[in-house]
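Below is one structure; the comments refer to it alone.
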Amino acid sequence: MFENSRATREGERLEALKAYHILDTASEQDFDELAELASTICQTPIAILGFLDGERHWFKAKKGTELTASPQNMSFCVHTIATSEDILVVEDAKKDPRFASNPAAKALDLQFYAGVPLTNNEGHALGTLCVFDHTSRQLSDAQRTALKLLGRQAVDKLELRRKIFDLEAAKNEILELNKQMADQSDELQTFNEETAAINEELATINEELRSTNEELLSTQEQLLSSQQRLQLITDNITQLVWMAEPTGEIYWYNERWYAYTGTTPEEMAGWGWQRVHHQDHVVKVTEKYKTCMADGVLWEDTFPLRSAEGEYRWFLSRAVPFKDETGKILHWFGTNTDVTAQREDEQRKNDFISMVSHELKTPLTSTMAYVQVAQSKLNKQGDRSTAHMMDRSLKQLSKMTIMINGFLNVAKLESGQMHIQPSDFDLRELLIELQEEQLSLSPSHVFKFMLPESVIISADRDKIGQVVTNLISNAVKYSPLGSTVQVSCDIYASKVRINVNDQGMGIPLSEQPFLFDRFYRMQGEHLKYISGFGIGLYLCKEIVERHHGAIGVNSTLGSGSVFWFELPKLPSDQQYLSVL
Ligand code: ADP
């Protein structure tokens with residue numbers, strides 16, 4: 001237990017010694033002077049200021065010896081630091097049992113020793129300031145006191161040294177801290193700069209957001225005002241306007257629709273519009289409407305709509321699709337334009353044309369009969385030149401007849417009185433008859449009839465004849481004298497196709513879609529003097545379509561045209577079930 005506490009104390013002493021950082025340092029004048037003074041005051045040849053580090057007695061300052069250290073176990077000073085006295089004096093080592101056999105004392109012939117412990121403020125004896133002599137002797141009280149004072153001086157110097165060292169360490173620490181702080185402040189600076197940059201970015205984003213917001217607001221305002229304008233326009237135009245889903249379901253009507261029909265939005269929801277349609281038309285209208293919506297193509301139709309007062313007025317109705325950039329239909333925009341007045345005008349005009357044509361037809365037929373009689377008499381009398389004049393008159397009269405018949409047919413068509421009367425007949429035979437007729441009627445042109453094999457079709461023979469005649473007379477009318485007009489017929493499994501080919505002026509592509517419209521005539525200097533009313537092709541189209549056929553033209557400007565029409569080759573009982 002006692003040994004333990006001694007070891008602990010020795011450990012603490014060694015730790016304390018380390019704290020002075022004195023061991024193995026170079027000699028210092030202050031300490032050297034203390035050793036010198038000790039030797040001088042005590043009048044000894046040897047003086048040592050040293051420290052005991054557990055193994056050695058290491059000499060920091062010395063006088064009278066070349067040694068720098070001695071093993072601790074041989075050192076006199078071990079006893080000095082172990083004693084509680086403030087000085088150890090060994091007057092004659094040879095007579096002192098502690099040192100009598102000390103090898104160092106023997107080797108160096110040391111007989112006298114006096115040492116004071118160098119005890120620091122915490123009570124640790126770190127080393128000694130001691131003197132040696134080779135002879136036995138004594139120390140005076142003054143010398144003892146002086147040696148102790150010198151020892152204290154040494155301790156003071158040690159303490160000072162430790163403080164300096166501590167200060168140095170503290171300074172270094174402060175420097176290190178300063179450095180770290182400088183580094184941290186650099187980091188802080190970088191961080192600050194980064195934060196500033198982020199802040200700037202945030203400010204820019206904020207600014208962008210603000211301006212986007214403003215733009216959105218102004219777009220919204222514009223949208224609102226354009227919506228209001230649109231509403232204002234659609235409510236104030238004379239047309240009935242509506243919007244439908246891609247499926248065709250109407251979801252919006254303008255005010256005028258409700259005002260005209262006297263209905264409510266609830267009544268009009270979905271397919272509610274059918275309730276203001278005339279029952280004779282609604283099925284057909286709905287069918288066509290649905291087909292166009294499904295096909296995504298423009299819808300156009302004319303039909304009567306019932307007003308709030310119960311009166312039916314005619315409307316020309318159209319719906320155009322609004323598509324996105326991929327072509328997907330987003331909405332349908334529809335309008336209904338009141339065409340009752342135009343239809344009444346048209347009706348009056350048709351009635352007039354029909355009446356005039358009727359009135360003209362009877363005298364014309366009589367005139368033709370008289371001219372034919374006169375011609376045959378003149379022929380009998382041998383008056384060839386007058387008979388020839390009669391012949392020319394007859395041709396003009398038959399042209400007039402064709403024209404008048406055309407007008408009458410248009411009038412019939414418009415009033416729904418043109419009826420198809422189908423019968424089974426041989427198309428080849430019809431073409432042969434037409435060939436003979438043309439040969440006598442138009443000697444100005446060369447005719448090439450490529451007659452087909454016998455083929456029985458079911459159609460209105462007169463009307464089909466009328467179509468072919470019309471196409472041939474156009475071919476003659478719009479191609480130069482002496483050029484060839486070719487009529488051919490293609491027979492397919494389910495249809496026949498008749499082609500009328502001419503070597504005439506041709507038709508520009510831009511005009512082709514309109515040729516079959518009623519009263520449509522191409523304009524041009526060279527066409528000014530070619531008579532016509534623009535009803536021939538219109539009639540042809542109506543007749544062919546009422547036979548469930550198709551009609552068209554292939555033409556290149558300057559190199560002639562091919563007008564053609566196709567008729568189905570179906571059994572007669574199936575073919576005309578739905579004809580008007
Ligand atoms: P019309 O001949 O009485 O003017 P149509 O309805 O028969 O009326 O023809 C409409 C228009 O089509 C004509 O005005 C003419 O411009 C053009 N057309 C018809 N047939 C031909 C053709 N074979 N060659 C060139 N143009 C033609």
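Each reported figure results from applying straightforward, stated rules to the coordinates on display, with no laboratory input. Just so we're clear, the structure is a prediction, and the values are computed from it rather than from any experiment. Neighbour counts are summed over all protein chains in view; Cβ atoms, including those assigned to glycine, are modelled from backbone coordinates with ideal geometry.
Miscellaneous remarks
- For segment 245-359, the dipole from Cβ point charges (+1 on Lys and Arg, -1 on Asp and Glu) about the Cα centre works out to 120 debye, to the nearest 20.
- Normalising the average separation of contacting C-alpha pairs (under 8 angstrom, six or more residues apart) by the number of residues puts the relative contact order of segment 439-497 at 53 percent.
- Degrees separating the helix 340-381 axis from the principal Cα axis of the chain, which is the longest one: 40
- Test item: Cα-centred dipole of the chain, Lys/Arg +1 and Asp/Glu -1 on Cβ, debye: 2920
- Relative contact order [Cα under 8 Å, 6+ residues apart], segment 487-571, whole percent: 41
- Charging the Cβ of each Asp and Glu at -1 and of each Lys and Arg at +1, and nothing else, the dipole of segment 423-579 about its Cα centre rounds to 400 debye.
- For LYS569, the lysines whose Cα comes closer than 24 Å to its Cα, not counting residues fewer than 8 places off in the same chain, are LYS463, LYS495, LYS541.
- Counted by neighbouring Cβ atoms within 10 Å, the residues VAL544, VAL276 run from fewest to most as VAL276, VAL544.
- Net charge of the neighbourhood of ASP156, taken over other residues with C-beta under 12 Å away and scored Lys/Arg +1, Asp/Glu -1, is +3.
- Distance in nm between pseudo-label sites at THR556 and GLN220 (7 Å out along the Cβ direction from Cα): 6.1
- Value of [θ]222 nm, deg cm²/dmol, for the chain, DSSP H segments ≥ 4, -39500 (n - 2.57) each, nearest 500: -17000 deg cm²/dmol
- Loop exposure criterion: chymotrypsin sites (Phe, Trp or Tyr not before Pro), DSSP state outside H, G, I, E and B, at most 16 other Cβ atoms within 10 Å. Applied to the chain, the longest stretch between such sites is 1-270.
- Alpha-carbon centroids, segment 4-68 and segment 215-257: separation in whole Å: 109
- Given charges at Cβ of Lys, Arg, Asp, Glu: segment 344-415 dipole, positive-most of MET403, VAL373, VAL356: VAL373
- Cα gyration tensor of the chain - equivalent ellipsoid semi-axes, whole Å, descending: 145, 30, 21
- Gain in span if fully extended, THR362 to ARG392, counting 0.36 nm per residue against the direct Cα distance: 8.8 nm
- Using C-alpha pairs below 8 Å separated by at least 6 residues, the relative contact order for the chain is 7 percent.
- Potential lengthening between ASN405 and ASN178 on full extension [0.36 nm per residue; Cα-Cα distance subtracted]: 70.0 nm
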